[in-house]
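Worksheet for the structure shown next.
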Amino acid sequence: MPTSQEPIEAVSQRLDKFLSEQLSYASSLGPEAEMLTRSGASALRGGKRLRARFCLTGFAAVGVAGDVPDEAPLAVATSLEIFHAAALVHDDLVDNSDTRRGQPAAHRALQQGHRDAAWTGDSDAFGRSGAILLGDLLVAWSDDLLEEGLALSPASAAATRRAYAQMRRDVTIGQFLDVAEESAYTAYPDDSHAERALRVASYKSARYSIQQPLLIGASLAGADEAQHDALSRFGHDVGMAFQLRDDVLGVFGDTAVTGKPVGDDLREGKRTVLVAYAREALPESERLRVDALLGDPGLDADQIADLQRVIVDTGALERLERLISGYAHTADGALEGAPLRVDAVSELRALAHAATQRTA
């Protein structure tokens, strides 16, 4: 298995090999099939391979159970990156986002491809339809690579497959909860919004981004109940801190770091914990003014700055930072005395810091 210094490179190499095979196949089906496949390759470009790294470290934390080839954990970890790309393609479509990682979002790139080819019909509709199908193709690719890895490790295949399926169910429900909250929040008392936003954070991101990749890797290595429990508790709390940090970046982040315009979450009307905390501290008249601004895709720089000031002045940002620190602290405690390999525990702590502070 790749060392802790090598996972990004190893996963990238495995992706390149897989994509080369897919492009070779698509080329025999004609230029349109090749167009879709190249869009898939573009969606997989960049990123920090965080899910793959947690998966590989979860595998290492348990230790190899039986004769599992190095290729098995690498294939499974790489499949997570493909599934993540599928989620991002669909997420950008749902949010009507223009960019991803500083490049045009998949549906925007497909729209432009339609225009450049001077095809007939509505290029916007083509881009949306193409992105739905691209996301589906990426999910199929992730299954292909997952099964390739599990074929190399049949003893742990069933447990790994169950963990993977749980991840797919949870993130799909979580994404819908996120979409629904932008409309449903008015049906619930203001003092319940933060708790509801935490539920979204758990299912949309914390489990999917950190906890379940860890458990998928651990399951592949044959984790016992105690190991599974420690990694589950650690992974969920790191995942919560990770998503809450993402909420901060969605309002205050630098475009050069996030690949998204400043304040994009405000334009999209995301009902995050940060927004809930700010609203709780506002008088009703000011709360209504903030609600009127949130979700307006035409918010200008001054309006974004105004909402940022509200979030800071209400103490919402400081309160969220304390919550992030609390999750990071309890996550670290879950590793104390856990029956895990010592070197892997050190790597888990380093990854947790990188995830929650966005330093790697």
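Observations
- Over the chain: helical MRE at 222 nm, DSSP H runs n ≥ 4 each giving -39500 (n - 2.57), nearest 500: -24000 deg cm²/dmol
- In a fully extended conformation the segment linking ASN96 and SER192 would gain 31.8 nm over its present Cα-Cα distance, using 0.36 nm per residue.
- Sequentially through the stretch 193-202, phi angles give Karplus couplings (6.51, -1.76, 1.60; θ = phi - 60°) of 5, 5, 4, 5, 5, 5, 4, 4, 4, 5 Hz, Gly and Pro residues having no value and appearing as x.
- Mean accessible surface per residue for the chain, computed with a 1.4 Å probe while every protein chain stays in place, in Å²: 44 Å²
- Electrostatic dipole magnitude of the chain [Cβ: Lys, Arg +1; Asp, Glu -1; Cα centre; debye, to 20]: 300 debye
- Coupling constants for the stretch 288-296 follow from the phi torsions by the Karplus curve (6.51 cos²θ - 1.76 cosθ + 1.60, θ = phi - 60°), and in residue order they are 5, 5, 5, 4, 5, 7, 4, x, 8 Hz; glycine and proline get x.
- q = 0.11, 0.12 Å⁻¹, the chain: log10 I(q)/I(0) [Debye, one scatterer per Cα]: -0.77, -0.91
- For the set ILE324, ILE173, the ranking by accessible area, highest first and with no ligand, DNA or RNA atoms included, is ILE173, ILE324 under a 1.4 Å probe.
- Between the amide H of ARG100 and those of ALA105, distances stay under 5 Å, these residues lying 5 or more places away or on another chain, with hydrogens modeled in the peptide plane.
- Tensor-based shape of the stretch 229-311 (alpha-carbon gyration tensor, a/c under 1.5 rounded, otherwise prolate or oblate): oblate
- Amide H to amide H distances under 5 Å link VAL262 with THR255, where only residues 5 or more positions off or on other chains count and H is placed in the peptide plane.
- Rolling a 1.4 Å probe over the protein heavy atoms of the stretch 1-141, with every protein chain left in place, gives an accessible area that is 52 percent carbon and sulfur.
- The stretch 52-190: relative contact order in percent, alpha carbon pairs under 8 Å with at least 6 residues between: 29 percent
- Nearest-10 value in Å² for the accessible area of SER24, using the 1.4 Å probe: 80 Å²
- With θ taken as phi - 60° and the Karplus curve 6.51 cos²θ - 1.76 cosθ + 1.60 applied, the whole-hertz 3J(HN,Hα) list for the stretch 88-104 is 5, 4, 5, 4, 5, 5, 4, 7, 6, 6, 8, 10, 8, 6, x, 10, x Hz, x standing for glycine and proline.
- Apportionment of accessible area to carbon and sulfur, the stretch 217-360, percent (1.4 Å): 52 percent
The values are calculated or read from the model by the stated rules, or taken from the named source; none is laboratory data. Predicted model, so just to flag it, every value in this text is computed and none were measured. Because the Cβ atoms are built from the backbone with ideal geometry, glycine has one as well, and the counts that use them run over all protein chains shown. The accessibility values were calculated without ligands, DNA or RNA, using every heavy atom of the protein model including side chains. Shrake-Rupley method; radii C 1.70, N 1.55, O 1.52, S 1.80 Å.
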